[in-house]
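I have placed the structure first, in the form of structure tokens, so that the comments after it can refer back to it.
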Amino acid sequence: MNKNVSVPTSYAMDPGDELNDLRMSDKARPLFDHVNKFIRETVEPMSVEFYRLGEKKADRWSFAPGQLDVLQKAKDKAKSEGLWNFFLPDAETGEGLSNLDYAYIAAELGKNPLASESMNCSAPDTGNMEVLERVGTKEQKEKWLKPLLAGEIRSAYAMTEPNVASSDAKNISTTAKLVGDQWVINGEKYYISGAGDPRCKIMITMVKTSPDAPPKNQQSQILVPIDTPGVEIIGPMTVFGHDHAPRGHMHIRFDNVKVPKENMLLGEGRGFEISQVRLGPGRIHHCMRTIGKAEKALDLMVKRGLTREAFGKKLVQLGGNLQIIAQARCEIEAMRLMVLKAAKAMDVLGNKEARVWVSMVKAMVPERTCRIIDQAIQMHGATGISQWSPLSEMYTDVRHLRFADGPDEVHWMVVGRHELQQH
């Protein structure tokens, strides 16, 4: 189908509608099986060693000796086995997967915190690489995309600001003014994920370049190396009290930061246009991985319920726990089908026309997964909120997704407006 042709969204159960064929392609199935095997045999044992080495590090904002070595060994193995950059639908730089095929794989990656990075499929690098691959100049690709694709550096995306409602991107107030052959940037950003990582070298930064232009043409996106003079990392923002060191979510000030004119992406005033390239796939990648987290939480819930007893019964037989487990399974299956359909909509209709499907899953999946993880925590008792269980960290991670890439309310608004348009 021509993705440039506007196709109205239909919710009808048309058996002949291509949107309702949610099968993984035969071509991608061997890759799916290979990824699962790699996670089981390489990533899971590597993760144990990675976290063990990091237990007694002196500096929270660095990696302990040996940590990056064990991670790099897994990355080298993944690369040698062809398990690398599947998120990019361009066969020259990735596996050439459709969004639908990647949805199945990303759900598996979401079950282990280091799986995505081991195969160079981590956010925010995935969205940044997709932007550079789609709109970057030859020079920009050589300098930044090439090392990102090789997994040699990390990156960040700097958009959210503390002093404006950033859910409406028209409010972004960090300015960039062209002075001679340089952009001079001033402003403040916060919750810039990954900017604390010592491997982070480049930020794609949303700025206001044309305040007198129509609202949709006021914003631009510029490449800013993180070590540029005037980039001040004020400190980490916490998520429910956690700083997520050493990667962190940073509070950053731009004080007369000067970057070459050539660092502009796509062109002045085209920031929103770039966001459509980035946020469609990026938002749905989060949802794909979140399905994996929901599966992990349900698995932990069931195992706990079957191995603990209270009041003469196994926990799964107490109160409404069996129904809670059953409802969690139903919720996961419903979420999975919605995410697959949103991915298929992007493949068939293109990112712009699939926006309503993406907003549906972006609003629904983190909210429902939070509930499932919360129920798993409850089944574990006090252990569920402790360092002995991954559930508390899983909960905070998924809960913050209800703000990342747009808060729930924005996505419900998109879906609601579209529904009104049908009438």
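These residues, H423, H411, go from largest to smallest accessible area, 1.4 Å probe, as H423, H411.
Quick one: dipole size for the range 55-203, taken about the Cα centre, charges +1 on Lys/Arg Cβ and -1 on Asp/Glu Cβ, in debye to the nearest 20.
Details: 19 positive and 22 negative charges, 81 e Å.
For the range 55-203, the charge dipole is close to 380 debye.
Counting 0.36 nm for each residue step from D299 to E44 and taking away their Cα separation leaves a gain of 90.2 nm. Segment S80..V410, full-extension length gain: 114.6 nm, with 0.36 nm per residue of separation and the alpha-carbon distance subtracted.
Within the shell defined by Cβ-Cβ distances under 11 Å, the residues around N186 carry a net charge of +2, with Lys and Arg each +1 and Asp and Glu each -1.
Using a probe radius of 1.4 angstrom, the carbon and sulfur fraction of the accessible surface of the chain is 53%.
Return an integer: the convex hull volume of the alpha-carbon atoms of the chain, in Å³ per residue.
On the way: hull volume 68.0 nm³, N = 423.
Value for the chain: 161 Å³ per residue.
Rounded to whole Å and sorted largest first, what semi-axes of the equivalent ellipsoid does the C-alpha gyration tensor of the range 294-365 yield via the square root of 5 times each eigenvalue?
After diagonalising the Cα gyration tensor, the semi-axes are 37, 9, 7 Å.
When only Cα pairs below 8 angstrom with a gap of at least 6 residues are kept, the chain shows a relative contact order of 15 percent. Legend: distances between Cα atoms for K208/K352; K177/K208; K73/K303; pairs beyond 20 Å are K208/K352; K73/K303. Ordering G235, A297, N263 by Cα displacement along the dipole of the range 222-299 toward the positive end leaves A297 in first place; charges were set at the Cβ atoms of Lys, Arg (+1) and Asp, Glu (-1). Placing +1 on the Cβ of every Lys and Arg and -1 on the Cβ of every Asp and Glu, with nothing else charged, gives the range 25-93 a dipole about its Cα centre of roughly 220 debye. The distance separating the Cα centre of the range 286-336 from that of the range 176-203 comes to 42 Å. Placing unit charges on the Cβ atoms of the charged side chains and taking the dipole of the chain about its Cα centre, the candidate lying farthest along the positive direction among L145, H285, I373 is I373. Step through the table entries K189/K344; K138/K293; K37/K313; K75/K201, compare each Cα-Cα distance with 29 Å, and write down the pairs that go over it. With Cα atoms farther than 29 Å apart: K189/K344; K138/K293; K37/K313. Say R0 is 56 Å: what FRET efficiency, to the nearest 0.05, do N256 and R23 get from their beta-carbon distance? Efficiency, from the Cβ-Cβ distance: 0.55.
Dividing the mean sequence gap of close Cα pairs (under 8 Å, 6+ apart) by how many residues the range 247-342 holds gives a relative contact order of 25 percent.
Please state, as a whole number in µm²/s, the translational diffusion coefficient that the Stokes-Einstein equation yields for the range 150-196 at 4 °C and 1.567 mPa s, with Rh defined as the Kirkwood radius across alpha carbon pairs.
On the way: Rh = 12.5 Å.
Using the Kirkwood radius from Cα pairs, D works out to 104 µm²/s.
When the Cα positions of M159, M364, N99 are compared along the charge dipole of the chain, M364 comes out farthest toward the positive end, with charges on each C-beta of Lys, Arg, Asp and Glu.
Taking the alpha-carbon centroid of each part, what is the distance from the range 255-278 to the range 35-64 in angstrom? Cα centroid to Cα centroid, the span is 35 Å.
The values are calculated or read from the model by the stated rules, or taken from the named source; none is laboratory data. Only a predicted model underlies this, so the values are computations on that prediction, with no experimental measurement involved. Every residue, glycine as well, gets a Cβ built from its backbone with ideal geometry; the counts of neighbours run over all protein chains shown. Surface accessibility is based on the protein's heavy atoms, side chains included, excluding ligands, DNA and RNA. Shrake-Rupley method; radii C 1.70, N 1.55, O 1.52, S 1.80 Å.
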